[in-house]
1. Take the stretch 254-273 and flag every residue that is touching a helix residue (DSSP H, G or I) at 6+ places or on another chain (Cβ under 8 Å) and within 16 Å of the ligand (Cβ to nearest atom).
2. Does Ala340 satisfy the criteria of being out of contact with any Ser or Thr (no Cβ under 9 Å at 6 or more places or on another chain) and either modelled with pLDDT under 95 or of a type in the set (Gly, Ala, Ser) (or both)?
3. If I ask for residues that are within 16 Å of the ligand (Cβ to nearest atom) and in contact (Cβ under 8 Å) with a residue 40 or more places away in the chain, which ones from the stretch 293-329 would you list?
4. Looking at Pro370, Pro323 in this structure, which one is under 22 Å from Val22 (Cα atoms) and assigned to a loop (DSSP other than H, G, I, E, B)?
5. For the stretch 131-149, check the following and say yes or no: at least one residue is among the aromatic types (Phe, Trp, Tyr), more than 10 Å from the ligand (Cβ to nearest atom) and in the same structural domain as Leu68 (by TED's automatic domain parsing).
6. What's the total number of residues in the stretch 441-469 that are within 15 Å of the ligand (Cβ to nearest atom) and part of a loop (DSSP other than H, G, I, E, B)?
7. Can you go through Thr209, Thr179, Thr156 and tell me which one is more than 8 Å from the ligand (Cβ to nearest atom), in contact (Cβ under 8 Å) with a residue 12 or more places away in the chain and of a type in the set (Val, Ile, Thr)?
8. Kindly indicate whether Lys221 is more than 25 Å from Glu98 (Cβ to Cβ) and of a type outside the set (S, T, N, Q).
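The values are calculated or read from the model by the stated rules, or taken from the named source; none is laboratory data. All values reported here derive from a predicted model rather than from experimental measurement. Neighbour counts run over all protein chains shown; Cβ positions are idealised from the backbone, glycine included.
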Amino acid sequence: MTTSHYIAGRWVEGQGSDCISVNDPALGLPFAELMAASVAQVDQAVAAARAALPAWKNVSASERAAVLRGFAEQLGERREALITLQMRNNGKPRHEAEIDLDDAIATFAYYAGLAEQLPGKNRDVPLAAPGFSARTRLEPVGVVGLIVPWNFPLVTSAWKLAPALAAGCTVVLKPSEVTPLIEQAYGQIADALGLPAGVLNIVNGKAETGAALSNHSGLDKLSFTGSNSVGSQVMRSASAQCRPVTLELGGKSAIVVFDDCAPDQAVEWIVAGISWNAGQMCSATSRLLVQDGIADVLLPRLQAALDNLRVGNPLTEEVDMGPLTSQAQWLKVASYFATAREEGLQCLAGGQVLEREGWFVSPTLYADVPKESRLWTEEIFGPVLCARRFATEAEAVAEANDSRFGLVATVCSADLERAERVADALEVGHVWINSVQAVFVETSWGGTKGSGIGRELGPWGLSAYQSVKHVTRCLG
Ligand code: NAD
């Protein structure tokens, strides 16, 4: 892979100093490599986006919608290649890779619809004051930098690209160095659709490339998804330039199981919330709060379900869970296993790396984890579930809310009134009742507290790329 960067409508070779290895995590071996973009190439990408802005923001709403529908269609045409690449580079089981692709397609189709409705949002504003009239106009924020992680590359990029393009922004996207090939599809689609040069630019690279983009003075906004540590650096650069930033950061979310649940159904939800994408989800429900009356029945069944998950290479085996996506993530999860041993936590399932090639760990369950344990408070980003028991609804809510994060939560109860009440009391951005990890493009995505700033998806995702202008005139 030599020409891996899409700048000003052309594929170019990276001129940076970092060589990026693209790995197959099931084998722990590289299958491609590419050179990162240089700081000068980031400059070129931002300049290309700036040059393309005046024309793109004035393209008609229906033309922009047609482009977004084109993205949805072209993703569908690349279906098999994109599913295989996600399986190979992320280690996703096939059905999860399919869900990601379908999510990306749905996102572009949805924002095509919103783009079409945009002219209707520019309207007169009734004023109480006599002698004046006013109208409101929604304008694109301008040139936006988009920095994304590796765990859902097609999806996370779609959640930013589609609304940004719908709003009339031009963009520079920096995918993760762990999965730098997957989002190249978006550049290829831009080419195939004849998108004007500079509307969409893609620069690949590691932290240096990300920092060059987030520090760039030529951006009007930056939207970042990733870790809290990098997010705070990105926020500092936004603050230095006094410009807006959206941050989608980490989580340590709770799944609350009341004792009126059917245990087997609850086990299914709990397992999905911690094993999908091998637990590498910002929204993983990694803190299980289980009510006293059901705990002794539920925990052994949960242990058996985790032990029975088929873990393996998604490209060669029928699996429920693949490897962790990177060696760094594998080492990080292994270090939490070591901490758990040092803390003497009660391990009911897993708790170890697998003795085989590749970056595999076993699905893991610790019971009665103390509130002070790092495993209870920190985002691990792997299939590691920590459980605690509770007696009352108030106790469950207090424990769930006792976190520096506030991304999502799941509530499982046959008493729907109680489930709704608990959902209202949880300090998070999204709650699932008797379901798990179902994200629809019409709903919002984003967190409270340390989980970030701003919302993606739905009309909120579009607003994130719009600026409101009012025109007020004297009728005098
Ligand atoms: P990360 O923060 O290490 O990297 C994210 C991106 O930032 C990558 O593209 C990386 O190259 C870039 N980057 C690294 N250093 C940078 C710097 N100094 N300046 C600018 N950019 C820089 O995160 P990750 O390991 O790729 O992803 C995992 C994290 O992402 C987890 O914490 C997870 O919770 C979070 N995440 C959040 C959401 C959400 O919607 N809230 C979704 C997915 C992942």
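1. Residue satisfying the conditions is Ala254 alone.
2. Working: out of contact with any Ser or Thr (no Cβ under 9 Å at 6 or more places or on another chain): no; either modelled with pLDDT under 95 or of a type in the set (Gly, Ala, Ser) (or both): yes.
For Ala340, the condition - out of contact with any Ser or Thr (no Cβ under 9 Å at 6 or more places or on another chain) and either modelled with pLDDT under 95 or of a type in the set (Gly, Ala, Ser) (or both) - is not met.
3. Within the stretch 293-329, the subset within 16 Å of the ligand (Cβ to nearest atom) is 323-329.
Result: Pro323, Leu324, Thr325, Ser326, Gln327, Gln329.
4. Working: Pro370 fails: under 22 Å from Val22 (Cα atoms).
Testing whether each residue is under 22 Å from Val22 (Cα atoms) and assigned to a loop (DSSP other than H, G, I, E, B) leaves just Pro323.
5. First, the residues of the stretch 131-149 that are among the aromatic types (Phe, Trp, Tyr): 132.
Next cut, more than 10 Å from the ligand (Cβ to nearest atom) only: 132.
Still in the running and in the same structural domain as Leu68 (by TED's automatic domain parsing): 132.
Yes, the stretch 131-149 contains a residue that is among the aromatic types (Phe, Trp, Tyr), more than 10 Å from the ligand (Cβ to nearest atom) and in the same structural domain as Leu68 (by TED's automatic domain parsing).
6. Initially, the stretch 441-469 is screened for residues within 15 Å of the ligand (Cβ to nearest atom), giving 441, 443-458, 460-461, 464.
If we keep only those that are part of a loop (DSSP other than H, G, I, E, B) as well, we get 441, 443-444, 446-447, 450-451, 454-455, 457, 464.
Residues meeting the conditions: 11.
7. Details: Thr209 fails: more than 8 Å from the ligand (Cβ to nearest atom); Thr156 fails: more than 8 Å from the ligand (Cβ to nearest atom).
Just one listed residue meets the conditions, Thr179.
8. Values: more than 25 Å from Glu98 (Cβ to Cβ): yes; of a type outside the set (S, T, N, Q): yes.
The answer is yes for Lys221.
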